[in-house]
1. Determine how large the accessible area of S238 is when every protein chain is in place; take a 1.4 Å probe and give Å² rounded to the nearest 10.
2. Using a 1.4 Å probe, what is the accessible area per residue for the chain, in Å²?
3. L175 to A293: FRET efficiency via 1/(1 + (r/R0)^6), r the Cβ-Cβ distance, R0 25 Å, to the nearest 0.05?
4. How do the peptides 418-428, 564-574, 629-639 rank, highest first, by the average count of neighbouring beta carbon atoms within 10 Å per residue?
5. If you stretched the chain out fully between A279 and T328, how much longer would it get, using 0.36 nm times the residue separation minus the C-alpha to C-alpha distance?
6. Using a/c under 1.5 as the rounded threshold, could you call the stretch 253-399 rounded, prolate or oblate? The axes a ≥ b ≥ c are square roots of the C-alpha gyration tensor eigenvalues, and prolate needs a/b larger than b/c, oblate otherwise.
7. May I ask you to list the residues of the stretch 415-443 whose amide nitrogen lies under 15 Å from a point 7 Å from Cα along the Cα→beta-carbon direction of A461?
8. Rounded to the nearest 10 Å², what accessible area does R217 show when all protein chains are kept and the probe is 1.4 Å?
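The values are calculated or read from the model by the stated rules, or taken from the named source; none is laboratory data. Being a predicted model, the structure only gives us computed values, none of them experimental. Cβ atoms come from the backbone with ideal geometry, glycine included; neighbour counts cover every protein chain shown. Side chains are part of the model used for accessible areas, which takes the heavy atoms of the whole protein and leaves out ligands, DNA and RNA. Shrake-Rupley method; radii C 1.70, N 1.55, O 1.52, S 1.80 Å.
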Amino acid sequence: MKPQYLLAALLAVTSPVIADAQAPADTAQLADIVVTGTPVPTRAGAIAAAVTVLHGDELRSRGLRFVQDALREVPGFYVVSGGSFGAATSLFARGGESNYVKVLVDGVAANQPGGGFDFATLSLDNVERIEVVRGPASVVHGSDAVGGVVNVISRNGRGPTRVGASAQAGSFGSLGVEGSASGGSERLGWSGGFGYFGTDGIYAFNNRFEASTAAGRLRIAPDASTGLVFAARVGSNSYAFPTDGAGALADSNQYSKGRTLVLAATAERRLSAAVELVATLGALETRYEFADAMDFDADTIGFGFASARRTEVGRRSADIRAHVRPATSLVLTAGGQVERLGERQSGWASSNFGGGSFTDEQPPFDQTRTTRAVYAQATADLPSGLALNAGARHDDDEAFGGFTTGRAGIAYSLAKGPRLRASVGTAFKAPSFSETFADAPFERGDRSLRPERTRSWEVGAEQMLAGGALSMSATWFDQRFRDFIQYVATDPPTPTYFNLGAATSRGLEVAVALHPLRDLTITGSYTRLLTEVTDGGTDGSLEFLAGGRLLRRPTDALRAGAEYRIPDLLHLSLVAAAVGSREDIDFSVFGRVELDGYWTLEASAAMQLVRAATGVHLALTTRVENVFDAEYETVVGFPARGRTLFVGVRAGP
């Protein structure tokens, strides 16, 4: 092991706010009911899949502002960002592609058609918890749930009214503010929150980033048998960036803007002690705008290039399911879903390379497709300690036709011994709209494309020792990916996208949590990932090189952390991360390169300054990211942020 990895391991053994919801340590913290892994809320110990629960209050108490920062601490997950605040940010789960994670906001799919999702601006404002399912989950969530599912769940207001606010300022001209309020009773609960973050960015010019979010949730229970939940989240952002595709500083007026709206509504009705109906409606609207005006220097010498592009995506979904409990320990679920996806694109490009100005309008693009699905699942949680999960789903899409997935698992808790589990499943990712419908000079879609698919199995064990003071978990997973959709340069009208290539990804995820003192928590995680391209698909592909590793996935990743609290006075947190080497494509030379491993250290503290008689606290907060100013890249040509300091105040109960 390299010295920097050993040092990170010695600091402590993942962040204290990370707890595997299947591990006994998490059971001791909360009623571990998970709504993401199965169609019905289920005790985490009865789910055979690997599940992690992250808690919003704990994440915010450490100064984290975006979901991507929390996901860095999940075993098997690796977050890749273009460096500065607001840069495009992807998530690789268990070695899968960056579009292999289903992202839900209050249960509503937030991915772009084809699975892509940019985590750069998804904030933690008004978030109660984040549920993460690792491994294939298409049997519950359909397309895109190949490597895992991330479900961001809004705060469930309950109890006396609580109001909180915070403000932070820091490096690179950064400023952040947020506020929240919640309250309610058994029959009515509400919550709301807002946040803003702005910064000048890490580059010397044209790197301003701003993001704002407003979110709310309303829960109504007219009677003991009926429940209604409404949730909304709206966000907007702007990002100026001076870099070209290889990371060179080349543009003074290039920028993008985005807006996202997510709406969710759920109705539950218990017909009897054994039968319950649930209906869910969801809507997603996203708008992305990119603009790059003609550069003044280029205009002066008679050469230049300018372009603009606008993309709008809409998703509408309806899901209805029935839960039947023929016995206390058995739940049978059957349901159906309809989802309508639409995408519109428009744009233009203008150039002047000395022979006069030329403007090319992008061909009109406005496409939709509908997917219908039926599914069934059984969950048994027996008093003997045995738990069984089994399910199947069939999706029928207007573009690619039908696709069937399944998953089955078993878990068994030995008396005063470990909890053992195993599962096997399949999953798929549908083609994007461009891959299916594009009709441009250098890009032509193919409606006969098949979805990308995977077959996966995993085994795991969890053990609690010393009366709960020490908990450990380990998972081995093995995945087979095939039918990758690759771009191949051809002469349209011949399609440019084909199902080509295959790869494997297998590895080990280990997590530990130690509580040597009541107010001290030491935790850690380690992931060993082995990927291999078994079929490159096409000659000359830099992305899929037969016999090579999948890009941007580290072989080794370690996180270590410690958290110490003095109630009503002090909260300290220390998190170290060590990441091994990865391969990437250097577009300045159009070749593969290896990125060196790196390690980072983050520290945060909150000291209470005032505690009023009303119970309202005022605290001074400090957070330092990349304490030792390590130089590294997660994407070739785009350096990560150096040492970053935030100082602020927080007021609340």
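1. That residue has around 30 Å² of solvent-accessible surface.
2. Accessible area per residue: 41 Å².
3. 0.40
4. The packing order, highest mean first, is 418-428, 629-639, 564-574.
5. Full extension of this stretch gives 15.4 nm more.
6. It comes out prolate by the Cα gyration axes.
7. 415-422
8. R217 exposes around 50 Å² with every protein chain in place.
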